[in-house]
Structure formats: structure tokens, C-alpha cells
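J.: Dumping the structure here so I can ask a few things about it.
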Amino acid sequence: MDWKRIVHHLNKFYTSIWDNIEKIKSALLFLLIALSIFLTWNLWTYTPNINVLENEAPIKTAIEEGKKERLSNIIQPKQIIIHQDGKHFWAYAKSQKRLYKQLQSATLVNGEFVNFKQNAARDEIEIIYPTSIPLEVLKETFTFSNNNFLSNKSGNVEKVQVFKDNDQWKLQFVLENPPKGENPSDFKIPQFELTSDMQNTINSLITKTLEAGPKAEVSKVYITEEDTEPVYLPKEKMEIKSYSFFTNEVNIDQFVKALLLSKDVASRKFTNPNKILYMKLRNQITYYEDSKEFTYINWKNQEDGIQQNPIIQSLDFMNNHQGWIGEENDYHLYHYDSQLNSETKSTQKDLHYRMVMQGFPVVDDIPSNSISKIEIEWMNNQAGKYSRSLMYPHSVIEWSNVTVPDGEAVKKALERKLEVYPTTQISDVMLGYKAIEKDPASGDYVLTPTWYYKGLSSWIEIDFDKNETPTNKGG
């Protein structure tokens, strides 16, 4: 091959290109403008295939029978005690709700940190919660003139005290023992004043509650000599209404779609016990057909993201699928605690939301068939386990008045319990409703007012039979 000839032709080709470079640029520019006009026209005149989109129905993540809740509705007291002129009165049911709602709406001003001093002689309103509430959570349910005052304060609130000091009402958040590493002598609790218009409102509310009720005069009772905090029990027998209701059932498919976020879920049916297992990737739901309950398990590891308090996160989790079910009942936080997960070796938070009806917490007669409690294990910034019933009450009607034993009878029954079983743990006492299933076929229940004590991990019915035999009723 003649290399000189090849080089000659290449030089001639490059020369012709450079001689016509302006024409080539103009041609390329014309093509780019034409392409731009073509793409713009297609963008503005494009019509998607609506029929295809309409056939793709979105996944429903909200339970039809459910609702969303506010933090201030699920964080509620177990008991409100009014101390006046050396006497103690329990404002329960409607009185408790009315009084607490008014205090939540009050604006708290002139915040300061003070040493806690118990004064048994002063007039005050004692607000007792069923479980300790982190201050960072509880403060979100009250109103402050300075929202930043408590931003750097931590701790768990045992109770709230509203008391008179020099004829002025003040409010204290009573915290548990000092956090680890903090000098007890330096440990102070937050205290606030109430606005002038709220001063008269509190006085009138107390007067109205003590005159009209519902209320009961109570006594301070220490169940054991080691107890440092009293329980408040009625001096006389109480007349409390009982109720009956029917139940409806939420279809398990709603929870499968809401929690597994898919319509294509693998399922497998088992017998003994009768259950159906729904699975998708690292999530599963076990549905127990006989008891109408399910347990959701999430094995995903999600440690990133904003680390909020698990109570607030669990509220968002429940609200995202409208998990608060029932128009004639509420749910209140009744248990909040930390424990080490034996499988993951990480710390988890256990949360129990208990059903409340007519102002009293509901406890199931058979713990293994619980319609009254929602349990969540919060770990790795998410709900690791979520258990609940698919049943919820409707058509609630008054049944009859029931006479419940007075505080002296409660104290004696617990003392007998300790005599028979000295290792029994009694950390609290409450009056609640026992949910008794009368007819499984129709879902007919009766709510009977019943005294309970809190054992190691559950509420247990108090047995008033002097010849007590072992019992494990409660939940």
C-alpha cells in the first residue's frame, strides 16, 4: 500500500472540513433547534394512558373503622386527688376529664427550678399517672409562655401537683429520682405559676367537683411498711355503673395491607392453634383466628433517622394506619418501660395502651383473649412488635349500678394476699372495668367495676374471699 497516497487523501479531507466548518456548524445548530422544538411539542401535547392508571388502585394504609389521636388524649391521669382542708377527694370519670382538660389549657408562666418539698397540709390537686412519663413528652401536652424553658431538662414525671402558695395556684412536675451521675442535692424540679384568669377558674372547678361530683372521699393507704408512696382508696363503698356492649371485628386484610404495604403477600395457614401467617420480606403478621388477635413482627434494621421519644414515635405509627379503633372508647398509655431484648441484645421500649371506657380502664377477664390492650415493642427507631385484638366495642348501654368494696376492705384483702403469698408484688391499686365475654357467638360483653392490684407485669383482680385460693385473673 502506498502510504504517501493515504496521507495525501487524509490531508485533503481535513482541509475540506476546515474550509466548510461554518456551514457544518450552521447545519448542526439547525438540527439541535429542530430537535428541541420536537421534544417541547411532545412534552406539552403528551397525554398519559389514564385507563392504565385508573386500574392501579392505591394500597389503603388506613383502617376504615379507626381514627387518629392526639398526644394529649393518650397521655391521661389514672387518678386525680383533691386535697382540701385536711381531707382528700378522688375526682373520677367526668370530673377527672373536665379538671385535667382545664389544666392542660392553662398557660404556665414564670418557670423556675426548685427543690421538691412535700407539704401534706396545703390545698392541692394531685395528678397521678399510670406510668412514669418522660418530661420531654408530657410537656408537649401543656401550654407554656416560654416553650424553651424545659428544652434542656430531662427526667420522668411521676405526678403533677397544683398547689396553693400564698393564695396563688402553682404547678410542679414531680420527677423521679435524680438521673444517674447527678448530685441529689442539685436535683431540682420545674415549677410554674398560673395566669391570673386561671386562678379563679381552678377555684370554681374544685368547688363544682366537690359539690356535684362524681367524687369520693378517700384515705391515704400504705399497703406495706416498705411503701414510700400511698394509694388513695375510698372511705366508703362506691356505686359505679356497669355496662354491656357488643363487638365488631376489623377484617385482618386491612391490617395486612396497612402494615405490609402490599397486596401481594405470601400467606400460609396452620392448625393447632388456628392461625394464618402473612409474610413480606422481613415483615410478618400472625393472625390467630380463634381469639381474633394478631401480632406484627418487623425485623428490619432502621437505626438511622431522627431519634424521637418512642411514645411520640408509636403515636405516629398508630396514626399512620388509624389504629385507634372504636368511637365509644379511648386508649391511654398505661405502661412504659425499658428492657433488654434477649435476641437483638439491644434496649427496647415496651408500651401498653389500655382501653378506657366511661372513665375507667378496662381489664380482660381472660388475659389470653384481650380486647382491652395494645402492646408495642419499640426498638431500632421502629415498631419491632405490635400485638392487638381485631375486636372493638359498639352499642354500649348502661346495665345496672354495682356496689364496690371500700378502701378498708381492699387493704385487708391485699394484706391477706401477702400473708398467703409473701412474695406477691403489689406496686399499685386501681378501680377498673372487668370485661366479661357473655356470648362468644354474638360478641356480647359486660363491664363490671372491679378492684385490681398491679403485680409484676399485669393488673390482677383482688380476691375479697377470706378463704383465698390461687387466682390469675386480669391482664
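Only the coordinates and a few stated rules stand behind these numbers; no lab work does. Quantities reported herein were computed from a predicted structural model and do not represent experimental measurements. Neighbour counts are summed over all protein chains in view; Cβ atoms, including those assigned to glycine, are modelled from backbone coordinates with ideal geometry.
J.: On alpha carbon coordinates alone, what is the Rg over Rh value for the range 192-272, Rh being the Kirkwood radius?
T.: 1.28
J.: Using all C-alpha to C-alpha distances in the range 239-475, build P(r) with 5 Å bins and read off the rounded percent in each one.
T.: 1, 6, 12, 16, 17, 16, 13, 10, 6, 3, 1, 0
J.: If you find the alpha carbon centre of the range 308-342 and of the range 240-262, how far apart are they in angstrom?
T.: The range 308-342 and the range 240-262 have Cα centres spaced 16 Å from each other.
J.: With each label point set 7 Å from Cα along the Cα-Cβ vector, what nm distance links residue 375 and residue 145?
T.: It is 4.7 nm.
J.: Need one number: nm distance between label points at residue 210 and residue 277, each 7 Å from Cα along Cα→Cβ, rounded to one decimal.
T.: Once both label points are built, they end up 6.2 nm from each other.
J.: Right, here's the next one. Only residues of the range 158-174 count here: report those whose backbone N is under 19 Å from the spot 7 Å along Cα→Cβ of residue 203, or say none.
T.: From the range 158-174, the list is 162-171.
J.: Say each of residue 412 and residue 87 gets a label point 7 Å from the Cα, pointing the same way as Cα to Cβ; how far apart are those two points in nm?
T.: My value for the distance between the label points is 2.4 nm.
J.: How far, in nm, would the chain grow between residue 262 and residue 419 when pulled straight, counting 0.36 nm per residue and subtracting the alpha carbon separation?
T.: That pair, residue 262 and residue 419, stretches by 51.0 nm at full extension.
J.: Label the range 197-323 by shape, choosing from rounded, prolate and oblate, from the square roots a ≥ b ≥ c of the eigenvalues of the Cα gyration tensor; if a/c is under 1.5 it is rounded, and otherwise prolate applies when a/b is larger than b/c, oblate when it is not.
T.: Prolate, since a/c reaches 1.5 and a/b exceeds b/c.
J.: So how much slack lies between residue 132 and residue 217, counting 0.36 nm per residue of separation and subtracting their Cα-Cα distance, in nm?
T.: 28.1 nm
J.: Mind putting together the pair-distance distribution for the range 267-339? All Cα pairs, 10 Å bins, whole percent per bin, short to long.
T.: Once binned at 10 Å, the Cα pair distances of the range 267-339 give 14, 35, 36, 14, 0.
J.: Subtract the Cα-Cα distance of residue 366 and residue 441 from 0.36 nm times their separation in residues, and report this length gain in nm to one decimal.
T.: The residue 366-residue 441 span can extend by a further 25.4 nm.
J.: Would you calculate the volume per residue, in Å³, of the smallest convex hull containing every Cα atom of the range 71-221?
T.: Normalising the Cα hull of the range 71-221 by residue number yields 120 Å³.
J.: Tell me, what ³J(HN,Hα) does each residue in the range 373-382 have, in order and in whole Hz, if you take phi through Karplus 6.51 cos²θ - 1.76 cosθ + 1.60 with θ = phi - 60° and put x for Gly and Pro?
T.: Using θ = phi - 60°, the values come out as 9, 10, 10, 10, 9, 9, 8, 6, 6, 7 Hz.
J.: Which residues among the range 369-408 fall inside the zone where the amide N is under 16 Å from a point 7 Å beyond the Cα of residue 246, along Cα→Cβ?
T.: Residues 391-398 fall inside that zone.
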